[in-house]
Amino acid sequence: MSSPTGPAPGLPVRMPRPRQPGRHRRPEPAAAPTGAPPLVLAVPGTPDLTTRRLAEETLSIARSELPGLDARIGYVDADGGDVGYPSLESVLAHASAQRAARAGEAQDGPEGDGADSWDRFPTAVAVPLLAGPDSSQLRRIRQAVMNSGSVTELTDTLGPHPLLAEALHVRLSEAGLARADRARLFTVATAADGIILATVGGEEAVQAAGITGMLLSARLAVPVLAAALDEEGAIARAAEQLRSSGSRNLALAPCIIGPEVAEGLAAEAAREVACAAADPLGAYPAIGKLALAKYAAVLGLTTQPSLQGAPVR
């Protein structure tokens, strides 16, 4: 099981790719600097095995991009009674205690000034596992940070971002609802001609998803409307608007990672408006890269590769 100090023994860990020889080799990724704080993934929703596997895979991707990264999981809704699902508050408090102990050891070292590398960073960087702003979830995460007594830097959510549009495109193509590659003119008989981009978190989340939706619309060359799963009637109104503008084969694309909503909520919303639905974003590689990018921005690090959207193949 997982613990506040890292992943559970026996779980697969994504290793950094070996450096390719030759003049066109990929640049060696930067390594985490001495004294770098842990990246703590703040995971919403009910802690369970599926959620833990998703979070572990997300952090495995982040570790593969930044060798030496200390990455941990803190569950926003954990009650603290199960060591396999440590609460966000306890993980941050543990990181703070570790930082104090290591800084003290460095100060007592032969040079007497080794603590400087520990003092220039916060004790932890918490990254919400959320595709977009959700005031309710973010309020709980901020409270956990305050209760931990740690000097933790809380980042923004992962989106909007072009990589989320890429991930949504992939999930739609996996469900047979979108062309996998527009450049190759590969078509799917059931491809949607209108997309409902479903999110949670109220109006702010819908506005943020709308930005990602514009990027997705450009990729698919079909209209995309963002709507809130947690607002009664919002999905139905979006479906009606798309159908009134000429779309006949709709699809629902959940702009959510997964744990932040009740299982099956997106699929139920799709059934209510008689359209097909893609899977949530889940542990798509872009999620791990975006989490690392948020962490790296706090520390002023440059990571490879750069976070640019890519064609779906």
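Here are a few things to note about the model shown:
- Residue in the stretch 288-308 that is modelled with the lowest pLDDT, counting only those that are assigned to a loop (DSSP other than H, G, I, E, B) and open to solvent by 40 Å² or more (accessible area, probe 1.4 Å): 305
- A Cβ distance below 8 Å, combined with a sequence gap of six or more or placement on separate chains, defines the contacts here; from the stretch 38-66, residues that are closer than 21 Å to residue 141 by Cα and assigned to a helix (DSSP H, G or I) reach no residue that is open to solvent by 20 Å² or more (accessible area, probe 1.4 Å) and of a type in the set (S, T, N, Q).
- Within the stretch 219-253, if we keep just the residues that are of a type in the set (D, E, K, R) and under 20 Å from residue 175 (Cα atoms), the residue that is nearest to the chain's Cα centre (by Cα) turns out to be 219.
Results for (1) at pLDDT below 95; (2) surrounded by fewer than 21 Cβ atoms within 10 Å (Cβ to Cβ); (3) of a type in the set (Asp, Glu), shown as yes or no for each residue.
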{"residue": "2", "(1), (2), (3)": "yes, no, no"}
{"residue": "11", "(1), (2), (3)": "yes, yes, no"}
{"residue": "15", "(1), (2), (3)": "yes, yes, no"}
{"residue": "23", "(1), (2), (3)": "yes, yes, no"}
{"residue": "39", "(1), (2), (3)": "no, no, no"}
{"residue": "42", "(1), (2), (3)": "no, no, no"}
{"residue": "67", "(1), (2), (3)": "yes, yes, no"}
{"residue": "71", "(1), (2), (3)": "no, no, no"}
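- Taking the criterion of being under 19 Å from residue 269 (Cα atoms) and free of Cβ contacts under 8 Å to residues at least 24 places away in the same chain, the residues of the stretch 214-233 that qualify are 232, 233.
- Check on residue 268, free of Cβ contacts under 8 Å to residues at least 24 places away in the same chain, open to solvent by 30 Å² or more (accessible area, probe 1.4 Å) and more than 30 Å from residue 67 (Cα to Cα): yes
- Looking across the stretch 221-233, the residues that are farther than 9 Å from residue 194 by Cα and open to solvent by 10 Å² or more (accessible area, probe 1.4 Å) come down to 221, 226, 229, 230, 231, 232, 233.
- Filtered by the rule that a residue be within 18 Å of the chain's Cα centre (by Cα), assigned to a helix (DSSP H, G or I) and either modelled with pLDDT under 95 or among the small types (Gly, Ala, Ser) (or both), the stretch 267-287 gives a lone residue, 286.
- Candidates 205, 209, 253 - the one that is open to solvent by less than 10 Å² (accessible area, probe 1.4 Å) and in contact with a Lys or Arg (Cβ under 7 Å, 6 or more places away or on another chain): 253
- Any hit, the stretch 95-110, residues being in a helix (DSSP H, G or I), modelled with pLDDT of 95 or more and open to solvent by 40 Å² or more (accessible area, probe 1.4 Å): no
The values are calculated or read from the model by the stated rules, or taken from the named source; none is laboratory data. Predicted, not measured: the structure shown is a model, and the values here were computed from it. Glycine gets a Cβ as well: all are built from the backbone with ideal geometry, and neighbour counts include every protein chain shown. Protein only, heavy atoms only, side chains kept; ligands, DNA and RNA dropped before computing areas. Shrake-Rupley method; radii C 1.70, N 1.55, O 1.52, S 1.80 Å.
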